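Below: the structure, in structure tokens.
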Amino acid sequence: MRIANGQKTAPVLMLAVAKLTRGNDKPNHHALYDLGLGVQNLVVQATALDLFVHQMAGFSPERARELFQIPDDHEPVTMIALGYLGDPDQLSDQRRELELAPRTRKPLREFVHGGVWGEPAELVK
Ligand SMILES: Cc1cc2nc3c(=O)[nH]c(=O)nc-3n(C[C@H](O)[C@H](O)[C@H](O)COP(=O)(O)O)c2cc1C
């Protein structure tokens with residue numbers, strides 16, 4: 001999904017950052033998982049409000065850390081553009097093609113396993 005005129009003009013641009021420690025600086029082994037859950041809730045809420053979200057890993061975490069003076073025990077993980085659905089005619093030909101292309105998603109049997117790893121679960125066979 002492309003937000004109005006691509007992400008560069010999205011009304012809101014966020015950086016999702018994970019805190020790698022918890023309590024008295026103990027490692028938080030679920031930091032990235034926690035962040036993912038938080039962002040997913042944001043995506044669900046945004047969708048319920050007819051807003052659109054585009055997540056991006058294509059940014060420089062080092063530059064973000066420098067620019068925003070992010071402490072060492074935090075990790076910049078994903079950029080997130082939030083906005084309204086834009087007009088595909090404002091996109092480049094290549095991006096418009098991507099935007100208007102039918103979506104295909106990975107079949108459930110490829111990642112819903114039952115019993116042993118790699119074996120599709122009965123319910124998705
Ligand atoms: C963690 C994460 C990072 C992503 N990074 C990029 C990215 O750098 N560039 C990009 O075009 N799409 C990226 N995507 C994919 C898009 O955000 C989006 O999920 C995908 O294009 C599917 O969009 P659709 O629902 O319109 O098909 C990323 C998705 C996730 C979850």
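With every protein chain left in place and a probe of 1.4 Å, what is the accessible surface of residue 103, to the nearest 10 Å²?
110 Å²
About its Cα centre, what dipole magnitude does the chain give when the only charges are +1 on Lys and Arg Cβ and -1 on Asp and Glu Cβ, stated in debye to the nearest 20?
Numbers: 14 positive and 16 negative charges, 34 e Å.
Dipole magnitude for the chain comes out near 160 debye.
Starting from the amide H of residue 28, placed 1.01 Å from N in the peptide plane, find each other amide H under 5 Å away whose residue is 5 or more places distant or on another chain.
Hits under the 5 Å cutoff: 21, 22.
Kindly write out, for the range 16-29 in residue order, the coupling ³J(HN,Hα) from the Karplus curve 6.51 cos²θ - 1.76 cosθ + 1.60 (θ = phi - 60°), rounded to whole Hz, with x marking Gly and Pro.
8, 10, 9, 8, 7, 10, 9, x, 7, 6, 6, x, 9, 5
Hey, any idea what Rg/Rh is for the chain, computing Rh the Kirkwood way over Cα pairs?
Working: Rg = 18.2 Å, Rh = 17.3 Å.
Here Rg/Rh amounts to 1.05.
The values are calculated or read from the model by the stated rules, or taken from the named source; none is laboratory data. Bear in mind the structure is a predicted one, so any value in this text is a computation, not a measurement. We place every Cβ from the backbone using ideal geometry, glycine too, and count neighbours over all the protein chains shown. Heavy atoms of the whole protein, side chains included, go into the accessibility calculation; ligands, DNA and RNA do not. Shrake-Rupley method; radii C 1.70, N 1.55, O 1.52, S 1.80 Å.
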